[in-house]
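K.L.:
Let me begin by handing over the structure; questions about it come next.
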Amino acid sequence: MWSALQLRYDALRLSANRTGITDSAIQAVKTRFFTQKNNCWIADEGFWKPTGIVLGYPFPDFLIQHFLTIRHQILEMLNLSSTEYWLQQAEHFHTTIQSYSHYTERGFNPRIIFPGDELPKAQQIMTAFSPITLIYQGILITADGSILATGFLENNDLFSLREQLKKTILGITQRDFNIAHCKIGQLLIPLSSEKVTAINDAFSSLPIGKCVFQFATACRGEKLYFASTNTKSSDTFSLS
């Protein structure tokens, strides 16, 4: 699984290195997902907020701190002003298991979210899976300016879980997703191929952190537990 993910990330990295981040790519992102207020770019909620089930949201503190440190290093290396990027709030860091809808397919209406009455089905599916281990290693800048922390897996469970959820839960429109990343920011200016390549080369294999996720988090904050996890009644999700 590690090598398959590496190939997918490498393809994204090579594409961005070849083209850089073009003005047309940035304008498309801004037009669809951002508004400008007082010289600041504000991301629509649907650009960053989960609509389905994710790992993290938030991540453990140690992992958050590692992400923040590396993100700061990248911005320092690029020497950008605060109007030239958007940063994901630390408490919102997550890796998606399965979105219910996706901003690239259904617009960015955050109200199109995982139905509460489908959560028991999701929990039943998840109890068939052991806790998921993610190893975050490397940062990737894509051709549309996304800043991604690249995640790697010890097995295929995450992809099997995605497949089971999509087969079972009514109304999911999310396209098939073949990576396991965390979006930590968005560049809002064009960058040359040389600058993108310099960042991607410098940070592509940087160790970030490893986390064993005992539960996932649904879009309203409900916790959904994997197998072999001791839970208290106060920790489980509620449909009320």
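The values are calculated or read from the model by the stated rules, or taken from the named source; none is laboratory data. Not measured: the values here are computed from a predicted model. Ideal geometry is used to build each Cβ from the backbone, glycine not excepted, and the neighbour counts take in all protein chains shown.
K.L.:
Is it true that residue 117 is touching a residue at least 24 places away in the same chain (Cβ under 8 Å), more than 22 Å from residue 79 (Cα to Cα), acidic (Asp, Glu) and surrounded by fewer than 18 Cβ atoms within 10 Å (Cβ to Cβ)?
P.N.:
In short, yes.
K.L.:
For residues that are among the aromatic types (Phe, Trp, Tyr) and touching a Lys or Arg at 6+ places or on another chain (Cβ under 9 Å), tally how many sit in the range 188-230.
P.N.:
Total meeting the criteria: 1.
K.L.:
Which residues, taken from the range 21-50, are touching a Pro at 6+ places or on another chain (Cβ under 7 Å) and surrounded by 18 or more Cβ atoms within 10 Å (Cβ to Cβ)?
P.N.:
Keep residues of the range 21-50 that are touching a Pro at 6+ places or on another chain (Cβ under 7 Å), which gives 21-23, 26, 45-46, 49.
Of everything in the range 21-50, those that are touching a Pro at 6+ places or on another chain (Cβ under 7 Å) and surrounded by 18 or more Cβ atoms within 10 Å (Cβ to Cβ) turn out to be 21, 26, 46.
K.L.:
So is residue 59 crowded, with 18+ Cβ neighbours inside 10 Å, under 30 Å from residue 171 (Cβ atoms) and at pLDDT 95 or above or not?
P.N.:
Yes.
K.L.:
Looking only at the range 182-217, how many residues end up being part of a strand (DSSP E or B) and of a type in the set (Ser, Thr, Tyr)? Even if it seems obvious, please write down each step before you answer.
P.N.:
Of the residues in the range 182-217, the ones part of a strand (DSSP E or B) are 182-187, 191, 207-213, 215-217.
Narrowing further to those that are of a type in the set (Ser, Thr, Tyr): 217.
Total meeting the criteria: 1.
K.L.:
In this structure, does residue 137 turn out to be under 18 Å from residue 85 (Cβ atoms) and surrounded by 17 or more Cβ atoms within 10 Å (Cβ to Cβ)?
P.N.:
Considered against the rule, which asks whether it is under 18 Å from residue 85 (Cβ atoms) and surrounded by 17 or more Cβ atoms within 10 Å (Cβ to Cβ), residue 137 comes out as no.
K.L.:
Tell me which of these residue 222 doesn't satisfy, since it passes every other one: (1) acidic (Asp, Glu); (2) touching a residue at least 60 places away in the same chain (Cβ under 8 Å); (3) touching a strand residue (DSSP E or B) at 6+ places or on another chain (Cβ under 8 Å); (4) farther than 30 Å from residue 79 by Cβ.
P.N.:
That leaves (3) as the condition not met.
K.L.:
Of the residues 160, 130, only one is assigned to a loop (DSSP other than H, G, I, E, B), surrounded by fewer than 17 Cβ atoms within 10 Å (Cβ to Cβ) and hydroxyl-bearing (Ser, Thr, Tyr); which?
P.N.:
Only one candidate passes the filter, namely 130.
K.L.:
Can you pull out every residue in the range 50-74 that is polar (S, T, N, Q) and either assigned to a helix (DSSP H, G or I) or in contact with a strand residue (DSSP E or B) (Cβ under 6 Å, 6 or more places away or on another chain) (or both)?
P.N.:
Hits for the range 50-74 are 65, 69, 73.
K.L.:
Picking from 96, 127, which residue would you name as being modelled with pLDDT of 95 or more and farther than 30 Å from residue 201 by Cα?
P.N.:
Just one listed residue meets the conditions, 127.
K.L.:
Against the condition surrounded by 13 or more Cβ atoms within 10 Å (Cβ to Cβ) and modelled with pLDDT of 90 or more, how does residue 190 come out, does it pass?
P.N.:
On the way: surrounded by 13 or more Cβ atoms within 10 Å (Cβ to Cβ): yes; modelled with pLDDT of 90 or more: yes.
It is true that residue 190 is surrounded by 13 or more Cβ atoms within 10 Å (Cβ to Cβ) and modelled with pLDDT of 90 or more.
K.L.:
Would you be able to say whether some residue in the range 218-230 is of a type in the set (A, V, I, L, M), within 20 Å of the chain's Cα centre (by Cα), farther than 19 Å from residue 85 by Cβ and not in a helix (DSSP H, G or I)?
P.N.:
Yes, some residue in the range 218-230 is of a type in the set (A, V, I, L, M), within 20 Å of the chain's Cα centre (by Cα), farther than 19 Å from residue 85 by Cβ and not in a helix (DSSP H, G or I).
K.L.:
Please work out which residue is nearest to residue 70 (Cα to Cα), limiting yourself to the range 166-187 and to residues that are under 18 Å from the mean Cα position of the chain (by Cα) and of a type in the set (A, V, I, L, M, F, W, C).
P.N.:
Per the stated criteria, the residue is 184.
K.L.:
Between residues in the range 184-209 that are more than 14 Å from residue 150 (Cβ to Cβ) and residues that are in a strand (DSSP E or B) and of a type in the set (S, T, N, Q), which pairs lie under 7 Å by C-beta distance while being six or more apart or on different chains?
P.N.:
Pairs found: 186/146.
K.L.:
As an exercise: evaluate residue 53 against (1) surrounded by fewer than 19 Cβ atoms within 10 Å (Cβ to Cβ); (2) in contact with a helix residue (DSSP H, G or I) (Cβ under 7 Å, 6 or more places away or on another chain); (3) closer than 30 Å to residue 210 by Cα and give the number of the one condition it does not meet.
P.N.:
(1)
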